[in-house]
């Protein structure tokens, strides 16, 4: 594999890394994928981005993109066959990445945060109801087809739903539940969820591919 490909440090289950991979695949942007073990982050990734979070995209010229939405927009700026950039919503994504992610973490990991999980579940549910209202109008978060807003937010809704699937299934969120199920059953989602062994120096290159 060419050494001129960008290198993506990723972690399969991380919603930030997940949305970056979705945009890279839909844009057909070839990258070398390096799966990261979070308890043993490779030094090469930390050298590129000392904050130590995924995704990290290292471009052939040595420049680094280490914010997931920036990776999405970078990939789609070169190739956007489905027009995802036309269906972006920075304010909604900021709400997802701010308050909703705050509540999600404290609902999913109460022992880590010393939090009351049901209180944070209720606050997260308020965000889901706002998404339900948007989806009831148009089927997707910004228009009548999937776009950047959908794919940036869906991995976090997936994580929220997976904390207690039985409870989630009983909520009055029919449009959101349909939307989530559609994305989870899509070929592009299957592509980004292929399992890879954690990368170590000297391993053969693996290309992220649909």
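The values are calculated or read from the model by the stated rules, or taken from the named source; none is laboratory data. Predicted model only: the values in this text are computed from it and were never measured. In this analysis, Cβ positions are derived from the backbone assuming ideal geometry, glycine residues included, and neighbour counts consider all displayed protein chains.
Of the residues 163, 192, the single one that is in contact (Cβ under 8 Å) with a residue 12 or more places away in the chain and within 26 Å of residue 26 (Cβ to Cβ) is 192. Of the residues making up region 16-47, those that are touching a helix residue (DSSP H, G or I) at 6+ places or on another chain (Cβ under 8 Å) and in a helix (DSSP H, G or I) are 16, 17, 18, 19, 20, 21, 22, 23, 24, 25, 26.
Against the list (1) within 23 Å of residue 29 (Cα to Cα); (2) buried (at least 17 other Cβ atoms within 10 Å of the Cβ); (3) at pLDDT 95 or above, the condition residue 208 fails is (3).
When region 155-187 is filtered for residues that are under 24 Å from residue 11 (Cβ atoms) and touching a helix residue (DSSP H, G or I) at 6+ places or on another chain (Cβ under 6 Å), the ones remaining, listed by number, are 155, 156, 157, 159, 160, 161, 163, 168, 180, 183.
Could you please let me know if residue 152 is exposed (fewer than 12 other Cβ atoms within 10 Å of the Cβ) and under 19 Å from residue 12 (Cα atoms)?
On the way: exposed (fewer than 12 other Cβ atoms within 10 Å of the Cβ): no; under 19 Å from residue 12 (Cα atoms): yes.
Judged against the criteria, residue 152 is not a match.
Checking every residue in region 75-90 against the condition of being out of contact with any helix residue (DSSP H, G or I) (no Cβ under 7 Å at 6 or more places or on another chain), surrounded by fewer than 19 Cβ atoms within 10 Å (Cβ to Cβ), modelled with pLDDT of 95 or more and within 19 Å of residue 130 (Cβ to Cβ) gives at least one match. Annotation: of all residues in region 143-153 being at pLDDT 95 or above and within 17 Å of residue 91 (Cβ to Cβ), the one that is farthest from the chain's Cα centre (by Cα) is 147.
Filter region 174-186 for residues that are under 27 Å from residue 38 (Cβ atoms) and touching a residue at least 12 places away in the same chain (Cβ under 8 Å) and give the result.
Step one: list which residues in region 174-186 are under 27 Å from residue 38 (Cβ atoms), which gives 180, 183-184, 186.
180, 183, 184 - these are the residues of region 174-186 that are under 27 Å from residue 38 (Cβ atoms) and touching a residue at least 12 places away in the same chain (Cβ under 8 Å).
Taking helices (runs of 4 or more DSSP H) as the structural unit, those lying wholly within region 48-159 and holding at least 2 residues that are without any contact (Cβ under 8 Å) to a residue 24 or more places away in the chain and assigned by TED's automatic domain parsing to the domain that holds residue 25 correspond to 68-78.
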